[in-house]
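The values are calculated or read from the model by the stated rules, or taken from the named source; none is laboratory data. Owing to the predicted nature of the structure, the values given are computational and were not obtained by experimental measurement. Ideal geometry is used to build each Cβ from the backbone, glycine not excepted, and the neighbour counts take in all protein chains shown.
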Amino acid sequence: MSQRSVNGYTISVTHVEGLGFPWVVRVYRRRFLFRTHVSSDWFLDREQALRFADGAASSLASGTGPALLRSRKPGWTLERPEK
């Protein structure tokens, strides 16, 4: 399990070894003593989960992340690729 903090948000990447459990990327918002769940995304392998977590961290650092994480449709990417 790895965690990183960006602008009041915590991004955690978890995986349970030996159970065939997928990689889960969760984003929480920290407020005083509590934390609020923002999003949860599931991936089949480590590289996809880490790539998504890096994209979420850069979006949260720029300030566009919270609205993007809440309003996006399910899928493998956080933002649509440029044409």
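Please state which one of R30, R46 is at pLDDT 75 or above, over 11 Å from the mean Cα position of the chain (by Cα) and within 15 Å of N7 (Cβ to Cβ). Matching residue, one of R30, R46: R30.
Checked against the criterion of being basic (K, R) and touching a residue at least 40 places away in the same chain (Cβ under 8 Å), the candidates R35, R29, R4 yield just one match: R4. One residue stands out in region 49-74 among those that are under 15 Å from S2 (Cα atoms) and touching a residue at least 40 places away in the same chain (Cβ under 8 Å): the one that is farthest from the chain's Cα centre (by Cα), namely A57.
Just for region 20-55: of the residues that are touching a Lys or Arg at 6+ places or on another chain (Cβ under 7 Å) and hydrophobic (A, V, I, L, M, F, W, C), which one is nearest to R72 (Cα to Cα)? If we take residues in region 20-55 being touching a Lys or Arg at 6+ places or on another chain (Cβ under 7 Å) and hydrophobic (A, V, I, L, M, F, W, C), then V38 is nearest to R72 (Cα to Cα).
Could you list all residues from region 28-72 that are β-branched (V, I, T) and in contact with a helix residue (DSSP H, G or I) (Cβ under 6 Å, 6 or more places away or on another chain)? Once the filter is applied, which keeps residues that are β-branched (V, I, T) and in contact with a helix residue (DSSP H, G or I) (Cβ under 6 Å, 6 or more places away or on another chain), region 28-72 yields only V38. Identify all residues within region 1-29 that are surrounded by fewer than 15 Cβ atoms within 10 Å (Cβ to Cβ) and touching a Ser or Thr at 6+ places or on another chain (Cβ under 6 Å); write none if there are none. The answer is M1, Q3.
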